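Read through the structure below, which is laid out as C-alpha cells, and then see the notes.
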Amino acid sequence: MHDPISHLKRLIRDIPDFPKPGILFRDISPLLANAGGLALSIELLANPFRGKEIDLVIGAESRGFIFGTAVACAISAGFQVVRKPGKLPHKKVSMTYDLEYGQDTLEMHEDAIVKGQRVLIVDDVLATGGTMKACCDLVKQLGGEIAGVAVLIELAGLNGRKKVPGGDVHSVLVY
C-alpha cells in the first residue's frame with residue numbers, strides 16, 4: 001500500500017441523497033469492517049498526539065466512541081463520553097448548540113474532566129462544526145485544556161473548522 005489516504009478513501013462508501021436530497025453521505029461502515037483500514041485510520045488519528053501528554057480523550061455519541069476509545073488506547077490516555085440528553089446516570093453539564101434544522105444538546109458527567117487535564121477530542125466527521133464546538137465548550141466548562149481535535153473525515157466545504165477554538169484540527173481525510 002503506497003498511499004494510505006487513497007486506501008482509506010476507497011473504503012468509504014458514498015451514498016447520494018442521504019439523509020435527504022442533495023446530500024452526499026460518507027458511509028464509514030466498510031472502513032470499520034476492514035481490519036487493516038480500521039487499524040490504519042486509528043494510527044493516522046493517533047500519531048500526531050503521541051508524546052503530547054494527553055490525559056483524556058473524549059468522543060461524542062456514537063461514532064466518536066469508536067474512534068475515541070481506540071485513539072485513547074493508542075496514546076495511553078483515559079476516555080470519557082459525550083452523550084445525548086437522558087443517557088448519563090450521574091450529575092451532568094449540558095451544552096445546547098444550533099443545527100441546520102434546529103438545536104441539539106450534548107451532556108457530560110460533571111466530574112468527567114479534572115481541572116487542567118489535557119483533552120483530545122476525537123470524532124468521525126467534522127461537517128458544520130456544531131457538535132465539535134459543543135464538545136470544546138463542554139471541555140472548557142469542566143476546566144479541561146483542549147490539547148487537540150482529531151477527525152477521520154473533514155467536509156471542508158462546510159467550514160466546520162472555523163467553529164473549533166483556534167481552528168486547529170487534525171483531519172485524516174478531507175473531502
Full-extension gain between GLU61 and ARG10, please, as 0.36 nm times their residue separation minus the C-alpha to C-alpha distance.
15.9 nm
If you count the DSSP beta bridges with both ends in segment 114-175, what percent of them are antiparallel, to the nearest 5?
0
Given an 8 Å cut-off on Cα distances and at least 6 residues of separation, report the relative contact order of the chain as a percent.
18
So, R0 is 30 Å and r is the distance between the beta-carbons of GLU145 and ASP17; what FRET efficiency does that work out to, to 0.05?
0.15
Percent accessible area from carbon and sulfur atoms, the chain, protein chains only, probe 1.4 Å:
52
I'd like to compare 76-86, 126-136, 15-25: which one has the highest average count of other Cβ atoms within 10 Å, and what's the full order after that?
126-136, 76-86, 15-25
Need one number: % antiparallel among DSSP beta bridges in segment 58-175, to the nearest 5.
35
How do 42-48, 62-68 rank on mean C-beta neighbours within 10 Å, highest first?
62-68, 42-48
Tabulate in residue order the Karplus-calculated ³J(HN,Hα) for segment 148-158, using 6.51 cos²θ - 1.76 cosθ + 1.60 with θ = phi - 60°, rounded to whole Hz; enter x for Gly and Pro.
x, 10, 10, 9, 5, 10, 10, 8, 4, x, 8
Seen from all sides and averaged, what is the projected area of the convex hull of the Cα atoms in the chain, in nm²?
10.2
For the chain, the per residue accessible area (1.4 Å probe, Å²) is 50
MRE, 222 nm, helices only [DSSP H, n ≥ 4, -39500 (n - 2.57), over the chain, to nearest 500]:
-8000 deg cm²/dmol
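The values are calculated or read from the model by the stated rules, or taken from the named source; none is laboratory data. All figures in this text were calculated on a predicted structure; none of them were measured in a lab. Ideal geometry is used to build each Cβ from the backbone, glycine not excepted, and the neighbour counts take in all protein chains shown. To get the accessible areas, we keep the full protein, side chains included, count just its heavy atoms, and leave off ligands, DNA and RNA. Shrake-Rupley method; radii C 1.70, N 1.55, O 1.52, S 1.80 Å.
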